[in-house]
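Here's the structure, in structure tokens; my notes come after.
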Amino acid sequence: MRFSRQSVVGTGPTINRPSSRAPTVRLSEAPLESRLRVVGVRARARLAAKLRGLGVVADRPIRLLHRRPEGGVVVALDDDRVALDAVTAEAILVHVADATGTSATRRLWDLAPGDRATIRGFDAGASGYRARLLAMGLLPGTMIEVVRVAPLGDPVELRVRGYELTLRRGEAAVLELEDATS
């Protein structure tokens with residue numbers, strides 16, 4: 001189901017969303033274990049406020065872990081697991097990765113040695129570590145290249161602005177990347 005013009009609580013009275021390669025669906029209809037990003041919430045103000053309190057806000061990454069027979073779901077918000085009833089799952093609108101498995105936002109562990117990406121931004125709620133990453137030169141718009149990855153996937157060495165930087169997987173998890181344009 002695609003929405004081209006919708007009223008979404010929490011992101012303004014009405015937003016125009018052009019049909020993109022990432023379809024917008026209700027959380028209850030999203031495929032399990034897929035990469036999702038919250039678009040907004042279609043609900044009364046009270047439910048929308050409760051969801052905002054849980055961290056379900058526009059542009060937040062979310063992962064659908066389990067679907068209950070009665071329609072409820074269990075989702076992952078960063079390291080937290082949250083159970084939602086069927087009505088709440090119907091109210092949350094999400095973008096789903098396209099059929100090839102790619103989406104506009106990527107993570108560092110999606111990249112292999114030699115791959116390049118551009119830093120898009122940082123996860124919400126990563127403000128403490130964000131300042132440290134900014135001080136290391138990891139600014140939005142900066143091109144990075146994966147130089148090598150340790151045998152168990154942690155840590156990963158990056159080439160940033162002409163120097164090599166090594167980050168642990170947990171540190172790198174706050175980076176949002178997009179495919180390099182050059």
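The values are calculated or read from the model by the stated rules, or taken from the named source; none is laboratory data. Quick caveat, the model's predicted, so the values are computed rather than measured. Cβ placement follows ideal geometry from the backbone for every residue including glycine, while neighbour counts extend to all protein chains displayed.
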Cβ contacts < 9 Å: first residue on the phi > 0 side of the Ramachandran plot, restricted to the stretch 53-76; second residue surrounded by fewer than 17 Cβ atoms within 10 Å (Cβ to Cβ) and assigned to a strand (DSSP E or B), any location; separation 6+ or different chain. Result? GLY55/ASP80; GLY55/VAL82
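May I ask you to verify whether THR118 is modelled with pLDDT of 75 or more, in contact with a Leu (Cβ under 8 Å, 6 or more places away or on another chain) and not in a strand (DSSP E or B)? I'd like the intermediate steps shown before the answer.
Values: modelled with pLDDT of 75 or more: yes; in contact with a Leu (Cβ under 8 Å, 6 or more places away or on another chain): yes; not in a strand (DSSP E or B): no.
When the stated conditions are applied, THR118 does not pass them.
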Any residue that is part of a loop (DSSP other than H, G, I, E, B) and at pLDDT 85 or above - is there at least one of those in the stretch 96-107? no
Residues of the stretch 157-176 being part of a strand (DSSP E or B), modelled with pLDDT of 85 or more and not acidic (Asp, Glu), in sequence order, are LEU158, ARG159, VAL160, TYR163, LEU165, THR166, LEU167
Out of everything in the stretch 129-156 that is part of a loop (DSSP other than H, G, I, E, B), under 20 Å from the mean Cα position of the chain (by Cα) and not small (Gly, Ala, Ser), what residue ends up being surrounded by the most Cβ atoms within 10 Å (Cβ to Cβ)? LEU138
Search result, residues across the stretch 146-178 that are in contact with a Lys or Arg (Cβ under 7 Å, 6 or more places away or on another chain) and over 12 Å from TRP109 (Cα atoms): VAL147, GLU178
Here is a list of conditions, (1) of a type in the set (Gly, Ala, Ser); (2) in contact with a helix residue (DSSP H, G or I) (Cβ under 7 Å, 6 or more places away or on another chain); (3) modelled with pLDDT of 85 or more, and ALA83 meets all of them except one; can you say which number that is? (2)
